[in-house]
Amino acid sequence: MQIRFADTRPAGDFALVLPVAGKNRIALDSLGADRSAVEAALNRQRFEGDSGSAAELFIPAEGGVRRLLIVGTGEKGAEADAAEKLGGAISSRLLTSGEKQAVLDLGGLNYDADAVTRVALAAALRAWRYDRYRTRLKDKQKPTLRELTIVGAPAEAAGLWKQRWQPVYEGVSFTRELVTEPANIIYPETFVERVRAAIPGTGLEIEVLDGEAMRKLGMGALLGVAQGSVRDPRLLILRWNGGKEGDAPVAFVCKGVTFDTGGISIKPAAGMEAMKWDMGGAGAVAGAMIALSKRKAKANVVAICGLVENMPDGNAQRPGDVVTSMSGQTVEVINTDAEGRLVLADAITYAQRNYKPKIIVDLATLTGAILISLGHEFGGLFTNDDDLANQLLAAGQASGDKLWRQPMAEAFDKLIDSPIADMKNVGPREGGSITAAQFVHRFVENGTRWAHLDIAGMVWSDKPNTTYDKGATGFGVRIIDRFVEAAVEAR
């Protein structure tokens with residue numbers, strides 16, 4: 001969907017959207033003679049202007065009728081959350097309505113450029129669809145809304161949208177595409193190809209290691225996960241050099257298990273099809289790198305994506321096997337379905353050995369246990385640094401990709417000690433997401449500031465929300481973007 005800005009309402013056929021802040025209905029003044037009838041209709045619908053609420057009706061226009069969408073913004077309509085609910089409501093109500101163009105008139109309302117662009121971002125994100133494989137859609141199911149024109153915005157809003165937020169929209173869209181694609185389409189090699197096709201003109205540098213290259217580096221933890229699949233693994237490295245030359249980069253390391261059967265420790269059949277999104281961390285980081293590069297972020301950033309497929313096979317890794325990681329530490333593999341932490345282990349070591357980052361943040365759909373703790377409302381945050389925790393929590397709050405900090409302690413770390421190797425890849429059932437984080441932490445060297453985001457409950461949704469429909473959410477892109485802006489670029 002195209003986002004445009006204008007000083008006045010255009011001519012022609014369009015759906016008119018007016019925001020109403022609680023019981024303050026000043027926006028209806030622009031309707032002229034139709035105002036009284038519209039207000040009476042709203043009263044009959046018990047419409048009170050609560051944030052995200054909406055009412056539709058039709059009014060006379062140029063010899064015909066015009067669809068009028070009234071969207072409530074609550075008493076704090078210009079704040080970020082309410083602004084996004086306004087944008088999301090526009091798309092959710094009008095996307096398949098038959099309307100091709102919508103006009104949002106903000107005249108008389110106190111929306112600054114940031115609030116306006118949050119409306120635009122939410123509208124664009126909520127309108128995202130991926131219908132590539134749907135060949136029998138009925139006409140009423142097909143998207144029709146192609147353009148949203150925003151009238152009455154501050155002059156700087158158009159530039160802010162184009163330079164700052166449209167790149168974020170494009171990054172989130174790319175992440176959703178990767179996460180939505182089935183595993184017979186997106187596997188390690190094609191994940192790389194999809195990224196390579198998306199980055200020309202962005203300034204991103206790309207490097208790819210295949211399985212043989214990783215064997216030479218001693219990446220036994222990652223390769224152990226991949227050995228049961230006919231798909232060769234990949235290590236994808238993306239670099240954005242937008243900061244001061246010579247400054248150590250921030251590294252985003254991610255799990256990219258393009259399909260996770262659980263391996264020999266195979267998962268139950270029911271719901272296994274959802275494991276195509278077990279590469280959600282890698283999808284988020286790839287989308288974030290596109291966003292950062294397109295908005296020309298003033299930061300040095302490197303992304304390390306470990307891409308594997310976890311399959312059962314005569315050559316698959318067995319429970320009880322011991323693998324040697326790139327760091328030299330050995331791991332007793334108790335459960336082959338605890339594979340993501342093995343991928344992260346070698347990817348983190350690679351990042352440290354080759355780039356010496358000042359901060360490492362890893363993103364992974366790592367544990368089912370995090371859903372028991374936080375449901376689908378927050379990603380789990382684990383870190384060895386309180387300042388980094390505060391920066392990421394603030395970035396999550398500002399972006400809408402919300403996090404909740406979880407504990408780490410020596411008592412949890414002891415639970416992954418192995419009697420025959422340096423560690424085992426799982427602890428007891430209790431505290432499963434914490435022991436997983438403790439495992440990853442063992443590969444962080446030299447006191448590097450590190451954070452782990454367990455986003456297993458957040459990359460896919462079975463119900464619609466403000467900025468997404470059912471399906472891939474794009475979670476992670478916006479928090480990375482905000483974190484880089486506030487914690488790196490602002491310094």
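The values are calculated or read from the model by the stated rules, or taken from the named source; none is laboratory data. As the structure is a computational prediction, the values presented were derived from the model and not from experiment. Cβ: placed from backbone, ideal geometry, glycine included. Neighbour counts: every protein chain shown. To get the accessible areas, we keep the full protein, side chains included, count just its heavy atoms, and leave off ligands, DNA and RNA. Shrake-Rupley method; radii C 1.70, N 1.55, O 1.52, S 1.80 Å.
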On Cα atoms only, tilt of 386-399 relative to the major axis of the chain in degrees: 30
Between Glu212 and Arg405, what is the spin-label point distance in nm, taking each point 7 Å from the Cα along the Cα→C-beta axis? 4.8
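Accessible area per residue for the stretch 260-408 in Å², computed with a 1.4 Å probe and the full protein assembly in place, what is it? Each step should come with its number before you reach the end.
Values: 5110 Å² over 149 residues.
On a per-residue basis, the stretch 260-408 sits at 34 Å².
Given the -39500 (n - 2.57) contribution per DSSP H run of 4+ residues, what per-residue ellipticity at 222 nm results for the chain, rounded to the nearest 500 deg cm²/dmol? Intermediate values should be presented prior to the final figure.
Working: 15 runs with 154 residues, N = 491.
Result for the chain: -9500 deg cm²/dmol, rounded to the nearest 500.
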Is there a quick way to get the dipole size of the chain? I mean about its Cα centre, with the Cβ of Lys and Arg at +1 and of Asp and Glu at -1; what is the value in debye to the nearest 20? 1000
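Based on the mean of other Cβ atoms within 10 Å per residue, sort peptides 119-128, 381-390, 408-417 so the most packed one is first.
Working: 119-128: 26.7, 381-390: 17.1, 408-417: 14.5.
Highest to lowest by the protection proxy: 119-128, 381-390, 408-417.
Can you tell me the relative contact order of the chain? Whole percent, Cα pairs under 8 Å, sequence separation 6 or more. Display every interim value, and only then the final one.
Working: 1127 pairs, mean separation 72.1, N = 491.
With pairs under 8 Å counted, the relative contact order is 15 percent.
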How many times 2.2 N^0.38 Å is the alpha carbon radius of gyration of the stretch 250-332? 1.38
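What's the local net charge at Glu489, with K and R +1, D and E -1, over the other residues with C-beta under 13 Å away?
Numbers: positive: Arg164, Lys244, Arg295, Lys296, Lys298, Arg482, Arg491; negative: Asp247, Asp481, Glu485.
Net charge in that neighbourhood comes out at +4.
To the nearest 0.05, what FRET efficiency results for Ala394 and Val65 with a Förster distance of 45 Å applied to their C-beta separation? Each step should come with its number before you reach the end.
Values: r = 47 Å, r/R0 = 1.04.
In this case the efficiency is close to 0.45.
Figure the gain on full extension for Thr144 and Arg353 (residue separation times 0.36 nm, minus the Cα-Cα span) and round it to one decimal in nm. Walk me through the intermediate numbers first.
Values: separation 209, 0.36 × 209 = 75.24 nm, distance 5.03 nm.
Net length gain for the segment: 70.2 nm.
Within the stretch 92-239, what percent of beta bridges assigned by DSSP are antiparallel, to the nearest 5?
Working: 6 of 11 bridges.
Among the beta bridges of the stretch 92-239, antiparallel pairing accounts for roughly 55 percent.
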Which of Phe174, Val250, Pro154, positive extreme of dipole for the chain (C-beta unit charges): Pro154
accessible surface per residue for the stretch 64-149, probe 1.4 Å, DNA/RNA/ligands not counted, whole Å² -> 44
Within the stretch 246-333, what whole-number % of the accessible surface is contributed by carbon and sulfur, with the 1.4 Å probe and all protein chains included in the calculation? 56
If one takes the longest principal axis of the Cα atoms in the chain, at what angle in degrees, from 0 to 90 and to the nearest 10, does the Cα axis of helix 113-126 lie? 70
Quick one: if you stick a label point 7 Å off each Cα along the C-beta vector at Asp417 and Lys162, how many nm between them? 6.2
Filtered hits (aspartates and glutamates, Cα-Cα < 12 Å from Lys296, offset >= 8 within chain) -> Asp481, Glu485, Glu489
The answer for the net charge of residues other than Ile348 whose Cβ lies under 12 angstrom from its Cβ, with Lys and Arg +1 and Asp and Glu -1, is +1
Reachable lysines from Lys23, Cα under 21 Å, same-chain residues fewer than 8 places away excluded? Lys76, Lys85
Nearest-10 value in Å² for the accessible area of Lys162, using the 1.4 Å probe: 140
Using alpha-carbon positions, the gyration tensor of the stretch 193-296 gives root eigenvalues a ≥ b ≥ c; with a/c under 1.5 called rounded, otherwise prolate if a/b exceeds b/c, else oblate, the class is prolate
Fraction of beta bridges assigned by DSSP in the stretch 16-159 that are antiparallel (%, nearest 5): 45
Between helix 188-198 and the chain, what is the angle of the helix's C-alpha long axis to the longest principal axis, kept within 0 to 90° and rounded to the nearest 10? 40
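Rounded to the nearest 20 Debye, what is the dipole magnitude of the stretch 283-408 about its Cα centre when Lys and Arg each give +1 and Asp and Glu each give -1 at the C-beta?
Numbers: 11 positive and 13 negative charges, 158 e Å.
Dipole size: approximately 760 debye.
Per residue and in Å³, how big is the convex hull formed by the alpha-carbon atoms of the chain? Could you put the intermediate results ahead of the total?
Values: hull volume 75.8 nm³, N = 491.
Each residue corresponds to 154 Å³ of Cα convex hull volume.
Which whole-number percent gives the relative contact order of the stretch 351-491, counting Cα pairs below 8 Å spaced six or more residues apart?
Numbers: 221 pairs, mean separation 51.2, N = 141.
For the stretch 351-491, the relative contact order is 36 percent.
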Assigning unit charges at the beta carbon (Lys, Arg +1; Asp, Glu -1) and nothing else, what dipole magnitude in debye, to the nearest 20, does the stretch 1-133 show about its Cα centre? 380
Given the peptides 427-433, 210-216, 152-158, 348-354, arrange them by the average over their residues of other C-beta atoms within 10 Å, most packed first. 348-354, 152-158, 427-433, 210-216
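Given a 1.4 angstrom probe, I'd like the percentage of the accessible area of the stretch 69-167 that is carbon and sulfur, rounded to a whole number. Don't skip to the answer; put the middle values down first.
Details: 1980 of 4470 Å².
Looking at the stretch 69-167 in its full context, I get 44 percent from C and S.
For the stretch 340-408, what does the relative contact order come out to in percent, with C-alpha contacts under 8 Å and a separation of six or more? Walk me through the numbers on the way to the answer.
Details: 46 pairs, mean separation 18.2, N = 69.
Result for the stretch 340-408 is 26 percent.
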Cα-Cα pairs above 27 Å in the stretch 299-443: how many percent? 22
For the ranges 277-284, 110-117, what's the packing order if you count other beta-carbon atoms within 10 Å of each residue, average per peptide, and put the highest first? 277-284, 110-117
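What's the FRET efficiency of Glu377 with Lys267 using the Cβ-Cβ distance as r and R₀ = 30 Å, to the nearest 0.05? Write out the running numbers ahead of the final one.
Numbers: r = 24 Å, r/R0 = 0.80.
After rounding to 0.05, the efficiency reads 0.80.
Assuming R0 = 25 Å, what is the FRET efficiency of Arg429 and Ala274, from their Cβ-Cβ distance, to the nearest 0.05? Mind dumping the intermediate values first?
On the way: r = 21 Å, r/R0 = 0.85.
About 0.70, to the nearest 0.05.
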One checks the Cα atoms of the stretch 97-241 and finds Rg and Dmax, in Å, of 20.9, 65
Would you work out which of Gly224, Leu145, Leu307 lies farthest towards the positive end of the dipole of the chain? Charges go on Cβ: Lys and Arg +1, Asp and Glu -1. Leu145
